[in-house]
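S.K.: Before anything else, here's the structure in question.
The values are calculated or read from the model by the stated rules, or taken from the named source; none is laboratory data. The model shown is predicted, which means the values in this text are computed figures rather than measured ones. Neighbour counts are summed over all protein chains in view; Cβ atoms, including those assigned to glycine, are modelled from backbone coordinates with ideal geometry. Heads up: the accessible areas ignore ligands, DNA and RNA and are worked out on the full protein's heavy atoms, side chains in. Shrake-Rupley method; radii C 1.70, N 1.55, O 1.52, S 1.80 Å.
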Amino acid sequence: MINFESDAVHLLYKQYKAVYDKGGILSNLSSDSNISSVWQKITHETQISADELCNRVASLAGIESYPGTINVPVQLAKKIPMKTLVRHHIAIAGVEVGDAVIATANPFDTELPEALAFIFGSHFKLVVAAPDNINRAIESVKQLQDTTTRRATSLNLSRSSQSEHDDGSVPSIMSSLLRQSVNQGASDMHLQPFLNGSVVRVRVDGRLKRMTLVSSDIADGLIRHIKAQAGMDTTAKMLPQDGRMLVELEGNEYDLRISTLPVAGGCEKLVIRFLNRQSVYALADIGFSLDEVHTVRRLSAKPSGVVLVCGPTGSGKTTTLYSILNTLNNEAVSIMTVENPVEYQMQGLSQTEVNEKAGMSFAKALRAILRQDPDVLLIGEIRDEETAQIAMQSALTGHLVFSTLHTNDSLSAIPRLLDLGINPVILAETLAGIMSQRLLRKLCNDCKQETEPDNPMAAAFEKVTRTVQAYEAVGCESCGFSGYKGRTVVAEIIEISQAQRELLLGGEKDIAKFKNAMHGTFNSLSMSASRLIISGITTAAEASRVIGHQFWYALADEYSSELPDLSSLYDKNSQQNINQNAVLIAGEGCSKTQLLSNALKNSWLTVLTAEDPISANSVLHKNDNIEVVILELSDLLSDEEAVNTVAQYRREIAWSRIPALIRIPADKPHWKALLLEHGATSKFASKAIDEKEVVSLVQSAISNNLDFRWGTKSENS
Ligand SMILES: [Zn+2]
């Protein structure tokens, strides 16, 4: 005769009995809805300990168990009302990477998640603890409330500090970080020294955002743990390393690519790239218009030739290429790829991964697979002369070749290929089409609103195009208060006709003619973006952020309008760049380094400046997205003043452990030795070095390029 008042307790008992009470020791309980007495009964009759029962119930429910004493974090003691604690018989056992850890003896209480969601949103996780331990925890909260009138500090759950991780082991913090990254749709997770600890950031929809701060002890533990798991050398901290590991997160299998890089102060920066065994989408689903889909179909139906996709890192080039390959993929066609790394796994393709360290370069891998006679070839990226030559040569011998090129727009691909030593005749013969693309964030449908007249970007857009931006971003819970959710492709696609092809024969000297001939034959990136702005899918601010100043130049050209005042436009919206990677240029008169800062901005970097050491310190404290500090030394300084200046900067900003590049006036090459002698550990570059070169140094540092060493290319003397 079972007479439970509480269905939840009944359920726990029944489930437990079904799974563990094979011998039928447990008799039915009567008139008992109390969780404590159910636990007592089970432990008594089966002779197992409370901790063991805790483990069993946890595994029944598929969650973690929490054996032992529960120490309620003081700052959370009042977070859950006493009534709720008693009613559901729960206690707060800690915080794990932003999630409140809630201990319950009965994970089958169906009303509990709802009650907790009311308080914590989605930021909580359940663990199983013994009723006695929960009782003691509830008692301690009661005492705390009785004896103190101290105001309970509310805790920002997304910014947990070290003390809240105290009860979490390194592996559990790690899995929690990985889980959260994946839940947010992150493509990368970064762990790098910041202030006195480390900051964990994730890249979501192409933008870095802060997830949490951890103490340096925990950061060290995490790096050691991940290195061990990924088969890397845990003792070598001063060498860049890479490794990989397979993990299952939230039901999906992920291939994690891990790289570490030593940074100043004997610390390491860690980057994890999440490669999901992703599904491939149809071109129209990524955001290509019907016209664009047809053009791509025509290009990919050619028996041979080269089709290039251009754009910066993270602009979705690989996704587009795989969507194209997907349409070509059938048993009658042999498709082979050479990539670094292989980002998608697709049935029916033969995919090769480049491994420079093991001597398998792009060129070498390509030569090997060409012997296998593929019909269609995907080359991950053309970045050197040899790869460019092989790509063109294979197109010439009857293969259809797809690849990517790191240029801003489609037309720039042609001078770039000529730079790489491609013969104009071969280029004219093989080049079938070039596309260039970007990913723009889409307005959140839950909160977007009709554009208000006081929106400066929208007003500028209307002035230039004489059409209206339909909606503007607001921000709500469902989009993480960014106003945007998900991304879409904007593209420009060039299909080269026979007549245009002949203009390519002239090489370098006819590029202008070729560009003129192409003018008006395709929709530019900016025009494609404006279509999405007018139809209310994205905003002018977003297009301007992603495409840069070029967005406004192209529109003004297209509509024969006047260019808006870009400096005021960008100043008013400087907040929008807050999540982009940033470079701090420091030094007296640094705000006058227009060439360098423009070059950096054109490479999608935010530029911050500081005229003196104190303000450099404060800028670094306010911005956790600064990746590199460039210190400009004025040529007006004496030798002694230069040494003092560098020493002052070191005192103020060395704590940040961010790599610094000191630019030395071209006529003071002896300063390098002088500064080294006085203890400088930064890297040096002469101001005579081209801005573009400095930008590429900065980018290498940021992208964690493992071939990069400070002090090789940039050394001055
Ligand atoms: Zn929203």
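S.K.: Being of a type in the set (Val, Ile, Thr) and touching a helix residue (DSSP H, G or I) at 6+ places or on another chain (Cβ under 9 Å) is the filter here, so list the residues in segment 207-234 that pass it.
M.R.: 212, 214, 218, 226, 234
Let's see how each residue does on (1) over 30 Å from residue 467 (Cα atoms); (2) at pLDDT below 85; (3) open to solvent by 20 Å² or more (accessible area, probe 1.4 Å):
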{"site": "553", "(1), (2), (3)": "no, no, yes"}
{"site": "563", "(1), (2), (3)": "no, no, yes"}
{"site": "568", "(1), (2), (3)": "no, yes, yes"}
{"site": "582", "(1), (2), (3)": "yes, yes, no"}
{"site": "585", "(1), (2), (3)": "yes, no, no"}
{"site": "591", "(1), (2), (3)": "yes, yes, yes"}
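S.K.: Only one residue in 308, 290 is buried (at least 17 other Cβ atoms within 10 Å of the Cβ), among the hydrophobic types (A, V, I, L, M, F, W, C) and in the same structural domain as residue 405 (by TED's automatic domain parsing), so which one is that?
M.R.: On the way: 290 fails: buried (at least 17 other Cβ atoms within 10 Å of the Cβ).
That would be 308, the only listed residue that is buried (at least 17 other Cβ atoms within 10 Å of the Cβ), among the hydrophobic types (A, V, I, L, M, F, W, C) and in the same structural domain as residue 405 (by TED's automatic domain parsing).
S.K.: Given the conditions (1) more than 16 Å from the ligand (Cβ to nearest atom); (2) on the phi < 0 side of the Ramachandran plot; (3) open to solvent by 40 Å² or more (accessible area, probe 1.4 Å), report the number of the one that residue 547 does not fulfil.
M.R.: With respect to (1) more than 16 Å from the ligand (Cβ to nearest atom); (2) on the phi < 0 side of the Ramachandran plot; (3) open to solvent by 40 Å² or more (accessible area, probe 1.4 Å), residue 547 is out only on (3).
S.K.: Taking the criterion of being farther than 28 Å from residue 175 by Cβ, within 36 Å of the chain's Cα centre (by Cα), in the same structural domain as residue 134 (by TED's automatic domain parsing) and of a type outside the set (Asp, Glu), would at least one residue in segment 66-82 satisfy it?
M.R.: Yes, there is a match, as at least one residue in segment 66-82 is farther than 28 Å from residue 175 by Cβ, within 36 Å of the chain's Cα centre (by Cα), in the same structural domain as residue 134 (by TED's automatic domain parsing) and of a type outside the set (Asp, Glu).
S.K.: Something else about it: State which residue is most open to solvent (accessible area, probe 1.4 Å) when the search covers only segment 445-484 and only residues that are of a type in the set (A, V, I, L, M, F, W, C), away from the ligand (no atom under 16 Å from the Cβ) and in a helix (DSSP H, G or I).
M.R.: Per the criteria, the residue is 459.
S.K.: Residues in segment 287-301: is at least one touching a Leu at 6+ places or on another chain (Cβ under 9 Å) and over 30 Å from residue 390 (Cα atoms)?
M.R.: Checked against the condition, which is being touching a Leu at 6+ places or on another chain (Cβ under 9 Å) and over 30 Å from residue 390 (Cα atoms), segment 287-301 yields at least one hit.
S.K.: Yes or no: residue 426 more than 33 Å from the chain's Cα centre (by Cα), assigned to a helix (DSSP H, G or I), modelled with pLDDT of 90 or more and away from the ligand (no atom under 16 Å from the Cβ)?
M.R.: So residue 426 passes the test.
S.K.: Being open to solvent by less than 20 Å² (accessible area, probe 1.4 Å) and over 12 Å from residue 649 (Cβ atoms) is the filter here, so list the residues in segment 600-617 that pass it.
M.R.: Those that are open to solvent by less than 20 Å² (accessible area, probe 1.4 Å) and over 12 Å from residue 649 (Cβ atoms): 600, 605.
S.K.: Only one of (1) farther than 24 Å from residue 526 by Cα; (2) open to solvent by 20 Å² or more (accessible area, probe 1.4 Å); (3) modelled with pLDDT under 85; (4) under 22 Å from the mean Cα position of the chain (by Cα) fails for residue 355. Which number is that?
M.R.: (4)
S.K.: OK, next. Please determine, by comparing only the residues of segment 485-509 that are open to solvent by 60 Å² or more (accessible area, probe 1.4 Å) and among the hydrophobic types (A, V, I, L, M, F, W, C), which one is nearest to the ligand (Cβ to nearest atom).
M.R.: For segment 485-509, the residue satisfying everything is 499.
S.K.: Failed condition for residue 441, given (1) within 16 Å of the ligand (Cβ to nearest atom); (2) assigned to a loop (DSSP other than H, G, I, E, B), with all others met?
M.R.: All conditions are met except number (2).
S.K.: Additional query: Considering only residues that are at pLDDT 90 or above and among the hydroxyl-bearing types (Ser, Thr, Tyr), look in segment 465-483 and name the one that is nearest to the chain's Cα centre (by Cα).
M.R.: Checked segment 465-483; the qualifying residue nearest to the chain's Cα centre (by Cα) is 471.
S.K.: Right, next: How do the helices (runs of 4 or more DSSP H) wholly within segment 28-131 filter down when requiring 2 or more residues that are open to solvent by 40 Å² or more (accessible area, probe 1.4 Å) and more than 19 Å from residue 142 (Cα to Cα): which remain? Steps first, answer last, please.
M.R.: On the way: elements: 35-46, 50-61, 82-88, 112-120.
Hits in segment 28-131: 35-46, 50-61, 112-120.
S.K.: A follow-up question, please. Do any strands (runs of 3 or more DSSP E) lying entirely in segment 249-331 carry at least 2 residues that are charged (D, E, K, R), and which ones are they?
M.R.: Fully inside segment 249-331 and qualifying: 252-263, 267-276.
S.K.: Could you tell me whether segment 665-679 includes any residue that is open to solvent by 50 Å² or more (accessible area, probe 1.4 Å) and closer than 20 Å to residue 581 by Cβ?
M.R.: There is no residue in segment 665-679 that is open to solvent by 50 Å² or more (accessible area, probe 1.4 Å) and closer than 20 Å to residue 581 by Cβ.
S.K.: Restricting attention to segment 624-638, does a residue exist that is in a helix (DSSP H, G or I) and farther than 19 Å from residue 682 by Cβ?
M.R.: No, there is no match, as no residue in segment 624-638 is in a helix (DSSP H, G or I) and farther than 19 Å from residue 682 by Cβ.
S.K.: Could you tell me which numbered condition residue 426 fails, if it satisfies all but one of (1) surrounded by fewer than 22 Cβ atoms within 10 Å (Cβ to Cβ); (2) over 23 Å from residue 375 (Cα atoms)?
M.R.: All conditions are met except number (2).
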